[in-house]
Amino acid sequence: MAEIRGKCTFPGGAHPPENKQFGENCPVEVATVPKQVSILLSQHIGAPCEPLVAKREAVTVGQVIGQSDAFVSAPIHSPINGTVKDIALLPHPVIGRTMGIIIDADAENNTPKQPVNARFDKDFNPTDFTPEKICMSVRQAGLVGMGGAGFPTQVKIEPNPRLEKKVLIINGCECEPFITCDYRVMLEWVWQVIAGIRLAAHAAGVNKIRIGIEDNKPEAIKIVSDTIEQLGNIGDIQVVPLKTKYPQGGERQLIKSILGKTVPTGSIPPTIGVCVLNVATCAAIAEAVIVGNPLTHRIVTVSGCAISKPGNYYVPIGMRVEDLIEYCGGLTETAAKVIMGGPMMGFAIADLSTPLTKTSGALTFLTKAAVTRAKYEKQVTACIRCGRCLTACPEHLNPTKIAHAVKYNKLDLAKDYYLSACMECGCCSFVCPANIEITGYIKTGKILDARAKKRLG
Amino acid sequence: MLSKITVSPAPHISQDLSTRGVMGDVIIALVPAIAAAVWFFRFQAVWVIATCVLSCMASEWICNIIRKKPNSLGDLSAILTGLILAFSLPPTIPLWAAAIGSAFAIVIAKMLFGGLGCNVFNPAMAARAFMAASLGALMTTWTVPATMGEVHCKGQEANALAAIHAENTYDGSNGEIALTQATPLAWAKSAQKGKADVQLVNQMVKPTFYGGVGGCLGETSVLALLIGGVYLLIRKTISFHIPAAVLIAAAAFVGIFYLISPDKYANPAFHLFSGGMLICAFFIATDPVTAPLSVKGMWIFGVGVGALVMLIRLIGELPEGVMYAVLIMNALTPLIDRACKLMPAGGKPNVS
Ligand code: SF4
Ligand code: SF4
C-alpha cells in the first residue's frame with residue numbers, strides 16, 4: 001500500500017499509541033440475539049423519550065417503544081421480537097442511572113439482523129427522494145450521531161433558513177486508540193456510506209462534501225476515493241487525508257483541519273455553515289431512507305488485551321455489556337477496566353449490566369498492567385508548571401489553571417479560564433508528567449457549574 | 001469478577017512521562033557538565049557537588065517530616081537543585097558554606113513556599129543570591145582550573161591567557177585582586193573600562209568553548225553544556241522557546257554594543273559562551289516551576305532574562321548577571337502568566 005501522507009491538521013493534540021491491531025483486520029461479525037436487552041430511554045442529546053409500551057406487552061423488531069415530542073430528540077425502537085419485562089431504572093454509562101425498557105427475547109422467531117450493505121451499489125440516485133422525505137425517514141428511524149455525542153441527525157441535516165449550510169464534512173477519522181468500527185464500515189459498507197453521504201447532502205442542500213480520514217488508514221482512503229471515482233460526476237466530493245493525531249475526529253478540530261475555519265467558542269458548527277456527520281451515521285441514513293429500517297443495530301468494536309476475542313461486532317442496541325463479553329469469549333484473568341468507548345474519552349463502567357447505546361462505538365478492555373502503568377504506579381506530584389498541557393490542548397485553554405481552580409473550589413476562576421470551552425478530549429491528562437487528572441477535575445467543574453446554575457434557577 | 005474492575009475518569013491511558021522522568025532527564029543532561037567540572041577542578045568539584053546534593057536531599061527529607069508530607073525525594077527535584085546550585089558556586093567555596101546554601105535553597109526558597117511547584121524563585125538562584133549577600137569574598141574568589149595551560153590552551157589562546165594574566169597582575173599588582181579577576185567576564189569588564197585589550201578577551205572564545213577557564217563549577221565548558229542542552233531538546237524535556245529567547249536576546253543586546261564600539265566591548269560569541277549564559281539558558285531559566293506556562297510567556301521570559309543578563313554585564317557594575325536576571329524574571333512570572341492569558345481557539349465565548 002502506497003504511503004499516503006495527510007497534510008491537514010490542527011494545532012495541539014497528542015499522539016497516544018494507536019493500538020488498532022486488535023480489530024483492524026476483523027471483518028464485521030453478526031452477533032447472536034441476546035436473551036434480554038435493556039433499552040435506555042435517553043441515548044442522545046435532547047429530551048429523553050417517554051415509553052410507549054407497557055409491561056408484558058409484546059413488541060416486534062423495529063417497533064417504536066419510546067418517543068418524545070421535543071424537537072431535539074429521537075425515537076427509540078425495539079431491536080428484537082419479544083415481551084416487555086419491565087420499565088425501570090437502569091445503569092447508564094455516562095449519566096449514572098436512567099429509565100429504560102427491558103425486553104425478553106422470544107425464544108423462537110428471532111434471527112440476528114443482517115447488515116444491509118449488499119443492497120447498495122453504483123446505480124443509486126439520491127434525487128429519487130425529496131429532502132423532506134429524507135429528513136422524515138431519518139427522524140422516524142431515530143438516528144443520532146453515532147460517533148460520540150449523539151445529537152439527533154435530523155436536526156443536523158434539516159435545512160435551517162437562518163443558518164445556511166455550505167459544507168458537509170464526513171468524519172472518518174476515528175482518532176481514538178483501539179476503535180476500528182468506522183474503519184470497517186468504510187471498508188465493507190462503502191457503497192452504503194456513500195449513498196448515505198449523498199442523501200444527507202441532498203437533504204441539507206449542500207454541494208461541497210469533504211470526507212476526512214486519518215492517514216493511518218490508507219486502505220480506507222483508497223477504497224473511498226476509488227468508489228467516488230467510479231461514480232464519476234457526482235459533484236464536489238473529495239477525500240481529505242489528515243494527519244494522524246488525537247483528537248483529529250473532534251468536530252471542531254476536523255473543521256479546522258479541513259477548512260481552516262474555527263468554530264466560535266460555545267457555538268456549534270452550523271454557525272459557520274458546516275455540518276459534520278460520522279461515517280457510521282451516514283451508513284445508517286442510507287439504511288433508514290432506502291430500506292426503511294430504524295436504528296436498532298450498530299457495529300461495536302470490542303478491543304483490548306483483556307478480552308478473548310476482539311473484533312467488530314454487529315449487535316442490537318440495548319445488548320448488555322456482559323452479554324457481549326460472553327459472546328466474545330469472556331474476559332481474561334488480567335482484566336481491570338471496562339471502558340465504554342475508547343481509552344481517551346470513554347467511560348469506565350463498573351456495572352457490566354450496562355447496555356450499549358446508539359453512541360457506544362466500542363468497548364475497550366484494559367489489563368491490570370495497562371491500567372496500573374497509566375494510573376496508579378506513577379506518582380502524582382504537584383503541577384510542575386511545565387506547560388505541556390497548554391501546548392497539547394486543542395482548544396487552546398489553560399488546563400492546569402482550570403483544574404486547580406476547580407480543585408480549590410474557585411468556580412469563578414475556572415470560568416474565567418473558559419471552563420466551558422473544554423471538549424474533554426483528555427489530551428492534557430494524557431501528557432501531564434505530574435499525572436494530574438486534569439480532565440477529571442474539569443469535568444467535575446462543569447458538573448458543579450451546572451448544579452450551581454440550576455440552584456439559581 | 002466485578003470486584004476486580006476499577007473505574008476512574010478518562011483518559012484511561014497516559015503518556016510515559018513523570019515528574020521524576022523530567023527531573024531525571026535534566027540530571028542526565030547535566031552529566032557532561034559534571035564530568036567537565038570534575039575534569040577541570042578535580043576533587044574540589046567532587047566535594048562541592050556532593051555536599052550540595054546531599055545537603056539538599058537531607059533538607060528536603062527533614063522538611064517533609066516536619067510538614068508531615070510523604071517523602072518527595074523520589075521526584076529528584078532536590079538533587080537537581082543541589083546540582084544547579086553547585087554549578088553556580090566557585091570551586092573554592094568552603095564546604096560548610098555550600099551546605100548552608102543548599103539548605104537555604106530547599107528550606108527557605110522551596111519548602112516555605114509550599115514545596116515543588118509552588119516556589120516563586122528558582123531555589124538554586126535564590127540560595128546563590130543569599131550566599132552572595134552573606135558570604136561576600138568567598139563567592140568571588142576564583143581559582144584557575146587545575147588543567148589550565150596544560151591541555152586545552154595551546155598556541156594563541158595560551159598567549160592571550162598569559163597576556164591577560166600579566167595584565168591583571170600588573171593591573172592590581174597584588175595577588176588577591178589578580179585572583180578575583182580570573183574569570184573571562186571579569187577581563188571583559190576591565191577591557192570595557194579600558195584596562196585590558198579587548199582583542200585578547202575575544203581570543204578567549206575558543207578556550208571558553210572547550211573549557212578550562214576560571215569561573216563557577218558549571219560554567220567552564222560550553223561544549224559540555226551544549227551537549228546537555230541538545231539532549232534535553234531532543235528528548236523534548238524542555239521546549240526550545242526559553243533557550244532560544246535567552247540567547248537571541250542576549251546576542252542582540254551585546255551585538256548592538258559591539259557594533260557601536262568594538263574596541264570596548266567583547267564580541268557576542270564571547271558573551272554567549274562565557275559565564276553562566278548557557279547553563280542559564282538551558283538549565284536554569286528553563287526550570288518549569290519558575291517559568292511562565294504559555295509559549296508566549298516563555299518568549300517574554302526568555303527575552304527578559306537574556307536582556308537583563310547583558311544589561312547587568314555591560315552597564316551594571318557586576319561582571320555577571322545571570323543570577324539577578326533569573327530572579328527578577330521569576331518575580332515577574334506570575335504577571336507574565338496573567339498577561340498572556342490564552343484565548344480559546346474559537347475566541348471569547350459570547351455567553352459565559
Ligand atoms: S482542557 Fe479540555 S479541551 Fe483542553 S486538552 Fe484538556 S480535556 Fe482537552
Ligand atoms: S502538564 Fe501537568 S505538570 Fe505540566 S503544567 Fe500541565 S498540569 Fe502542570
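Some notes on this structure:
- Spherically averaged projected area of segment A:388-456 from its Cα convex hull (nm²): 4.1
- Eligible aspartates and glutamates near A:Lys261 by straight Cα distance, threshold 14 Å, same-chain separation 8 or greater: A:Glu251, A:Glu395
- For segment A:308-317, the Karplus equation 6.51 cos²θ - 1.76 cosθ + 1.60, evaluated at θ = phi - 60°, returns couplings of 5, 10, x, x, 10, 10, 8, 10, x, 5 Hz by residue, with Gly and Pro reported as x.
- Helix-only [θ]222 nm of the protein assembly as shown, DSSP H runs n ≥ 4, -39500 (n - 2.57) each, per residue, nearest 500: -12500 deg cm²/dmol
- Each Lys or Arg adds one and each Asp or Glu subtracts one; over the other residues with Cβ under 12 Å from the Cβ of A:Lys35, this totals -3.
- For segment A:262-313, the fraction of alpha-carbon pairs lying more than 16 Å apart is 63 percent, rounded to a whole number.
- Legend: translational diffusion of segment A:213-293 by Stokes-Einstein, Rh = Kirkwood radius over C-alpha pairs, 25 °C, 0.890 mPa s; D = 169 µm²/s.
- Applying a length cut-off of 18 Å (Cα extent along the axis) and a mean Kyte-Doolittle floor of 1.0 to the DSSP H helices of chain A leaves A:190-204.
- With 0.36 nm allotted per residue and the present C-alpha distance subtracted, the A:Thr98-A:Glu333 stretch has 81.5 nm of extension available.
- For segment A:137-211, with +1 on Lys and Arg beta carbons and -1 on Asp and Glu, the positive-most of A:Asn171, A:Gln140, A:His202 along the dipole: A:His202
- When both segment A:171-205 and segment A:2-41 are represented by their alpha-carbon centers, they are found 12 Å apart.
- Within 10 Å of the Cβ of each residue in A:262-271, the mean number of Cβ atoms contributed by other protein chains is 4.
- Segment A:115-291 shape via C-alpha gyration tensor axes, a/c threshold 1.5: rounded
- Interface residues of segment B:10-31, defined as those with an accessible-area decrease of at least 40 Å² between the chain by itself and the complete set of protein chains (probe 1.4 Å), are B:Ala10, B:Pro11, B:His12, B:Ile13, B:Ser14, B:Gln15, B:Leu17, B:Thr19.
- Estimated FRET transfer efficiency (A:Ser353, A:Phe71; beta-carbon r; R0 30 Å; 0.05): 0.40
- Taking the centroid of alpha carbons for each part, segment A:84-112 and segment B:292-352 are 59 Å apart.
- Heavy-atom accessible surface of the protein assembly as shown, averaged per residue, reaches 40 Å², computed with a 1.4 Å probe.
- As a calculated quantity, the FRET efficiency between B:Ile315 and A:His15 at R0 = 56 Å, using C-beta atoms, amounts to about 0.75.
- Projecting label points 7 angstrom from Cα along Cα→Cβ for A:Glu108 and A:Lys55 puts them 2.7 nm apart.
- Cα gyration tensor shape of chain A, rounded if a/c is under 1.5, else prolate or oblate by comparing a/b with b/c: rounded
- Distance between the modelled labels on A:Val64 and B:Ala331, one decimal in nanometres: 7.2 nm (7 Å Cα→Cβ projection).
- All lysines inside 22 Å of A:Lys35 as judged from Cα atoms, apart from same-chain residues fewer than 8 positions distant: A:Lys55, A:Lys85, A:Lys113, A:Lys309, A:Lys358
- Descending Cα extents along the principal axes, the protein assembly as shown, whole Å: 109, 59, 52
- Farthest positive-ward along segment A:388-456 dipole, Cα basis, beta-carbon charges - from A:Phe430, A:Ile447, A:Ala392: A:Ile447
- All-pairs alpha carbon distance profile, segment B:21-139, 5 Å steps from 0, percent: 2, 13, 24, 24, 20, 12, 5, 1, 0
- Partner lysines for A:Lys443 [C-alpha distance under 16 Å; skip if fewer than 8 residues away on the same chain]: A:Lys401, A:Lys407, A:Lys410, A:Lys415, A:Lys453
- Farthest towards the positive end of the charge dipole of segment A:115-291, among the residues A:Val276, A:Ile213, A:Val289, is the Cα of A:Val276, using unit charges on the Cβ of Lys, Arg, Asp and Glu.
- Cβ-Cβ FRET estimate between A:Leu456 and B:Leu138, R0 fixed at 41 Å, reported to 0.05: 0.05
- Averaging the Cα positions of each part gives two centres, and for segment A:319-347 and segment A:295-316 these lie 9 Å apart.
The values are calculated or read from the model by the stated rules, or taken from the named source; none is laboratory data. All of these numbers come straight from a predicted model, not from anything done at the bench. Backbone-built Cβ (ideal geometry, glycine too); neighbour counts: all protein chains shown. Areas reflect the complete protein model, heavy atoms only, side chains present, ligands, DNA and RNA absent. Shrake-Rupley method; radii C 1.70, N 1.55, O 1.52, S 1.80 Å.
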